[in-house]
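The values are calculated or read from the model by the stated rules, or taken from the named source; none is laboratory data. A quick note: this is a predicted structure, and the numbers were derived from the prediction, not measured. Note that we place each Cβ from the backbone using ideal geometry, even for glycine, and neighbour counts take in every protein chain shown.
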Amino acid sequence: MLNLFLRTIFLYLFLLFILRLTGKRQVADLEPFDLIVTLVIADVGSNAISDTNIPLLYSIVPIIGLYLVQQLIARLCLKSAAIRHFICGTPQALIKGGVLQKPVMRRTNYTIRDTVEHLRQKDVFDFGEVENAILETNGSLSVQKKPAFDAPTKQDLNIKTKPESLPHIILAEGQYDEEALRASGFDRTTVDRLLQKRQLTKQDVFWVQVSSDGSLLLQTDDAHGQKLLRIDAEGRKA
C-alpha cells in the first residue's frame with residue numbers, strides 16, 4: 001500500500017509538471033491534438049498507478065515521448081499555416097450577416113440547439129441580436145452582435161478616459177501580499193494608517209484591494225458585520 005501511495009504521488013506530480021510545460025491552463029485552451037496527447041498521457045499515468053507491476057520507467061518514457069511529440073507539432077503549427085490548418089482546422093462562421101449557415105452546421109455537426117446553448121453562454125438569448133458567430137478551432141464560439149444591440153463604448157459616447165492600473169489584492173485573511181503591495185505603490189505603513197483612520201486593523205478586515213483609481217476597497221470581518229467599505233488615499237470614505 002505504501003508503494004502504491006508513493007507511486008501515485010510521484011506520478012501526479014510528474015504529470016502535473018508535464019502538463020504545465022505544455023502551457024495549457026484549461027480544457028477550453030486545448031486544440032484537438034493537445035486534447036489527444038493529454039488524454040493519452042492521463043491514460044498511461046493511470047495504468048502505472050493502478051498496476052504496481054508496471055515499472056515506473058515504462059510510464060515515464062512514453063509520457064516524455066508524447067510531450068515531445070506535442071511540442072514538435074506545436075512548433076510546426078507555428079512555422080507553417082498549412083500544417084496548422086491541417087492539424088487544428090480553421091474557424092467556421094456559424095452565423096454570417098445574421099443568417100445561420102446550414103452548410104457549415106452540417107460540416108461541423110452543429111445543431112440549432114447547440115448554437116442556442118453557446119449563444120446563451122455569451123449572454124445572447126435572441127438570434128436577432130447576432131451579426132456574426134465564429135466557431136473557433138478549440139470549440140468555443142465568438143459572437144459579434146449587431147450594432148443596435150452592442151453596448152456602446154466610452155469612445156462612442158465621447159467620454160474622455162485615462163489609463164488605469166490593475167486592481168491588486170494587497171491584504172487577505174490578515175496577511176499582506178508583498179508583491180501586490182509593490183505593484184500597487186502602497187506599503188504596509190500607509191495601509192495600516194488608512195485602516196486606523198477607520199478604527200480598523202489588518203485583523204479586522206477579510207481582504208483589502210487597491211482599486212484602479214487608487215482608492216482602497218475592503219471587506220470587514222464577521223465582528224464588524226462583513227461590510228464593504230471604500231476609502232480614498234487620505235482615509236476618508238469615498
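Examine the stretch 106-114 for a residue that is in contact with an Asp or Glu (Cβ under 8 Å, 6 or more places away or on another chain) and over 30 Å from Phe10 (Cα atoms), and state whether such a residue exists.
no
Within the stretch 123-137, track down each residue that is surrounded by 15 or more Cβ atoms within 10 Å (Cβ to Cβ) and either modelled with pLDDT of 90 or more or within 25 Å of the chain's Cα centre (by Cα) (or both). If you could, list the steps in order and put the result at the bottom.
Restricting attention to the stretch 123-137, the residues satisfying the condition of being surrounded by 15 or more Cβ atoms within 10 Å (Cβ to Cβ) are 124, 127, 129-137.
Selection gives Val124, Glu129, Val130, Glu131, Asn132, Ala133, Ile134, Leu135, Glu136, Thr137.
Looking only at the stretch 88-103, count how many residues are more than 15 Å from Phe127 (Cα to Cα) and crowded, with 17+ Cβ neighbours inside 10 Å.
Final tally of qualifying residues: 2.
Looking at (1) closer than 30 Å to Leu2 by Cα; (2) surrounded by 11 or more Cβ atoms within 10 Å (Cβ to Cβ), which is the only condition Pro55 fails?
Just one mismatch for Pro55, condition (2).
Report every pair of residues separated by at least 6 positions or lying on different chains whose Cβ atoms are under 7 Å apart, first residue within the stretch 163-183 and β-branched (Val, Ile, Thr), second part of a loop (DSSP other than H, G, I, E, B).
Pairs that qualify, where the first residue is β-branched (Val, Ile, Thr) and the partner is part of a loop (DSSP other than H, G, I, E, B), are Ile169/Asp177; Ile170/Asp177; Ile170/Phe186.
Listed residues Lys96, Lys102; which is basic (Lys, Arg), in contact (Cβ under 8 Å) with a residue 24 or more places away in the chain and at negative phi?
Values: Lys102 fails: in contact (Cβ under 8 Å) with a residue 24 or more places away in the chain.
Testing whether each residue is basic (Lys, Arg), in contact (Cβ under 8 Å) with a residue 24 or more places away in the chain and at negative phi leaves just Lys96.
Can you tell which of Ile159, Ile231, Ile170 is surrounded by 10 or more Cβ atoms within 10 Å (Cβ to Cβ), out of contact with any Pro (no Cβ under 9 Å at 6 or more places or on another chain) and at pLDDT below 90? Can you show your working first?
Values: Ile159 fails: surrounded by 10 or more Cβ atoms within 10 Å (Cβ to Cβ); Ile170 fails: at pLDDT below 90.
Among Ile159, Ile231, Ile170, only Ile231 is surrounded by 10 or more Cβ atoms within 10 Å (Cβ to Cβ), out of contact with any Pro (no Cβ under 9 Å at 6 or more places or on another chain) and at pLDDT below 90.
With among the aliphatic types (A, V, I, L, M), surrounded by 15 or more Cβ atoms within 10 Å (Cβ to Cβ) and farther than 20 Å from Glu164 by Cβ as the only criterion, which of Leu218, Leu195 stands out?
Being among the aliphatic types (A, V, I, L, M), surrounded by 15 or more Cβ atoms within 10 Å (Cβ to Cβ) and farther than 20 Å from Glu164 by Cβ holds for just one of Leu218, Leu195, which is Leu195.
Starting from residues that are among the hydrophobic types (A, V, I, L, M, F, W, C) and over 21 Å from the mean Cα position of the chain (by Cα), keep the ones in the stretch 111-122 and report whichever is surrounded by the fewest Cβ atoms within 10 Å (Cβ to Cβ).
The initial filter retains those residues of the stretch 111-122 that are among the hydrophobic types (A, V, I, L, M, F, W, C), namely 112, 116, 119.
Okay, now just the ones that are also over 21 Å from the mean Cα position of the chain (by Cα), so 112, 116.
Working: Ile112: 10, Val116: 13.
Within the stretch 111-122, the match that is surrounded by the fewest Cβ atoms within 10 Å (Cβ to Cβ) is Ile112.
Any residue in the stretch 182-190 that is surrounded by fewer than 15 Cβ atoms within 10 Å (Cβ to Cβ) and part of a loop (DSSP other than H, G, I, E, B)?
Looking through the stretch 182-190, at least one residue is surrounded by fewer than 15 Cβ atoms within 10 Å (Cβ to Cβ) and part of a loop (DSSP other than H, G, I, E, B).
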